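One structure below.
The values are calculated or read from the model by the stated rules, or taken from the named source; none is laboratory data. Keep in mind that what you see is a predicted model, and the values were worked out from it rather than measured. Here the Cβ is made from the backbone with ideal geometry for all residues, glycine too, and neighbour counts use every protein chain on show.
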Amino acid sequence: MDKASLIGVIVGVAAIGFVVFEVSHGNLMMFFSGEGVLMVGVGSVSVCFIAMPMEKLKEVPGYVRRFFFNKSQPIGEVIKQLSALSEKARRDGILALESEMSKIKDPFLAAGLKMAVDGIEPGQIESTCRIELLAMQDRHKAGKKFFDLLKLYGPGYGLIGTLVGQVAMFGQLASADIGALGKALAIAVVATMYGAILANAVAGPIGDKLAYRSSEEMLSREMMLQAILSIQAGDNPRVTQDKMLAFIPAATRSKMNIAA
C-alpha cells in the first residue's frame, strides 16, 4: 500500500466532508444531484470511451491499483541485489548467475540477465531491453491519458450542467415558483462543483502519481540495464555499483545504507 496515496485520500475526503457537513448542518443530500452525477460523471467517462481504444480502457482498474499499491522494488534493494550478482559473476563466472535466476522477482531484470548468461551480444541485449522500455512507457502513457481526459473534460461537463440548470431556471421565471427556481439553480452550481472535484481532487492527482511512478520505474529499469551490461563486460563490482549510483542524486546516496 502506498502510504502517501492513502494519507492524501483520507485527508482530502475528510476536508471536503467536514466542510460539506458544516455548511449543510448535517443535511448532506443538499449537495447531491442525480442530474449533476449523470452530466459530469457519465459525461466525462463517455469522452474516455470516445478518445481511447477499448483494450486500454479495460486496464483502468489496474491503473487505480497502481495508484494505491506500488509493487516496484525499492532502488536501494535493486542496487544491493545487482551488486551481489556482480560480485558472484566476477568471482565464479557469469554462468554462476543461472542458479540465481529463480530469486529475481523483476521480469525485466531476469530477462536481461538471462540474455547475458546465454552469451547474447551486448548490443542485442541493449536493443531488446530498450524496446521493452519503450513498450512499457507507452502502456504507462495510456494509464495517465485516461485520468488526463477526466481532468480536462470534467470541468467542461460541469459547465454544461451549469448552463442546463440556468436554462431551466430562466425557463421557469414566469411561474415565480421559488422551489423550482432553487432546484434548477442548485443543479447548476452542484454540476460545477462536481466537475471541479473530479478534476482537482480525483483525476489530476491520480494522473500525476502515475506519471511519477512511470518515471521512477523507467529510471530503475535503465539502471538495471546498465548494471547487466557491466556484469556481462566483467567490470569490477565497485564499477558496476558506481554506474548504478550515478542514477541517484548525491544527497540521496548517503541515506541508502549501501555497502561500499
Considering Phe147, Phe170, which residue is in a helix (DSSP H, G or I), over 28 Å from Gly17 (Cβ atoms) and either aromatic (Phe, Trp, Tyr) or in the same structural domain as Val37 (by TED's automatic domain parsing) (or both)?
Phe170
Exactly one of Tyr153, Tyr212 is under 28 Å from Val9 (Cβ atoms), assigned by TED's automatic domain parsing to the domain that holds Val60 and more than 16 Å from the chain's Cα centre (by Cα), and that residue is Tyr153
Test: Glu222 is under 19 Å from the mean Cα position of the chain (by Cα), over 24 Å from Leu150 (Cα atoms) and either in contact (Cβ under 8 Å) with a residue 12 or more places away in the chain or buried (at least 17 other Cβ atoms within 10 Å of the Cβ) (or both)
yes
Test Arg238 against the criterion of being of a type in the set (D, E, K, R), free of Cβ contacts under 8 Å to residues at least 12 places away in the same chain and either assigned by TED's automatic domain parsing to the domain that holds Ser44 or in contact with a helix residue (DSSP H, G or I) (Cβ under 9 Å, 6 or more places away or on another chain) (or both), and give yes or no.
no
Subset of the stretch 12-45, residues surrounded by fewer than 16 Cβ atoms within 10 Å (Cβ to Cβ) and within 18 Å of Thr162 (Cβ to Cβ), comes to Met30, Phe32, Gly34, Val37, Leu38, Val42
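Would you tally the residues in the stretch 233-260 being modelled with pLDDT of 75 or more and surrounded by 11 or more Cβ atoms within 10 Å (Cβ to Cβ)?
Pass one, the stretch 233-260, residues modelled with pLDDT of 75 or more: 233-250.
Next cut, surrounded by 11 or more Cβ atoms within 10 Å (Cβ to Cβ) only: 233-248.
The qualifying residues number 16.
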Residue satisfying condition, being basic (Lys, Arg), surrounded by 14 or more Cβ atoms within 10 Å (Cβ to Cβ) and within 30 Å of Ile248 (Cβ to Cβ), within set Lys3, Lys80, Lys71, Lys56
Lys80
I need every pair where a residue in the stretch 15-29 that is closer than 17 Å to Asn200 by Cα has its Cβ under 8 Å from the Cβ of a residue that is among the β-branched types (Val, Ile, Thr) and part of a helix (DSSP H, G or I), sequence separation at least 6 or different chains.
Ile16/Ile197
